[in-house]
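The values are calculated or read from the model by the stated rules, or taken from the named source; none is laboratory data. It should be emphasised that the depicted structure is a prediction, and the values quoted were computed from it without experimental measurement. Neighbour counts run over all protein chains shown; Cβ positions are idealised from the backbone, glycine included.
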Amino acid sequence: MTQFVCRLARVTGRLGVAQRGQARAILDALNLVRISSQICDLAGLLEPTVLRSLDAIHLATALQVGDDLEALVTYDLRLGVAAQMVGIPLLSPGYSK
């Protein structure tokens, strides 16, 4: 989440006041998920093994959330491919199958 907040802060600095408000509303609507030992264990079992550790944790968290997850948002190609491989809906600006 820290990386997301930092990136959002950097981007919103270039936005107008109304757009910053919209970005803040989106951020406020996000649900945070605590990383449990169960998520970490699942992350260690995920394929493909080319996923970096934090990407595997993101993917394991998405799997743990299950049907409540609307989509996984990423710019990372490997994470996007892995998410699609396990049937997770993907939103990725600039990425297409």
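Inspect the range 23-36 for any residue being of a type in the set (Asp, Glu) and at pLDDT below 90 and give the result as yes or no. Checked against the condition, which is being of a type in the set (Asp, Glu) and at pLDDT below 90, the range 23-36 yields at least one hit. In the range 54-76, which residues are outside any helix (DSSP H, G or I) and in contact with a Leu (Cβ under 6 Å, 6 or more places away or on another chain)? Of everything in the range 54-76, those that are outside any helix (DSSP H, G or I) and in contact with a Leu (Cβ under 6 Å, 6 or more places away or on another chain) turn out to be ALA71, LEU72, VAL73. Sort out which residues of the range 77-97 are among the hydrophobic types (A, V, I, L, M, F, W, C) and in a helix (DSSP H, G or I), and write them in order of number. Passing the criteria: LEU77, LEU79, VAL81, ALA82, ALA83, MET85.
Residues in the range 41-77 that are farther than 16 Å from PRO93 by Cβ and either in contact with a Pro (Cβ under 8 Å, 6 or more places away or on another chain) or among the β-branched types (Val, Ile, Thr) (or both): THR49, VAL50, ILE57, THR61, VAL65, LEU69.
Filtered by the rule that a residue be closer than 19 Å to ARG7 by Cα and either in contact (Cβ under 8 Å) with a residue 40 or more places away in the chain or exposed (fewer than 11 other Cβ atoms within 10 Å of the Cβ) (or both), the range 40-97 gives PRO93, GLY94.
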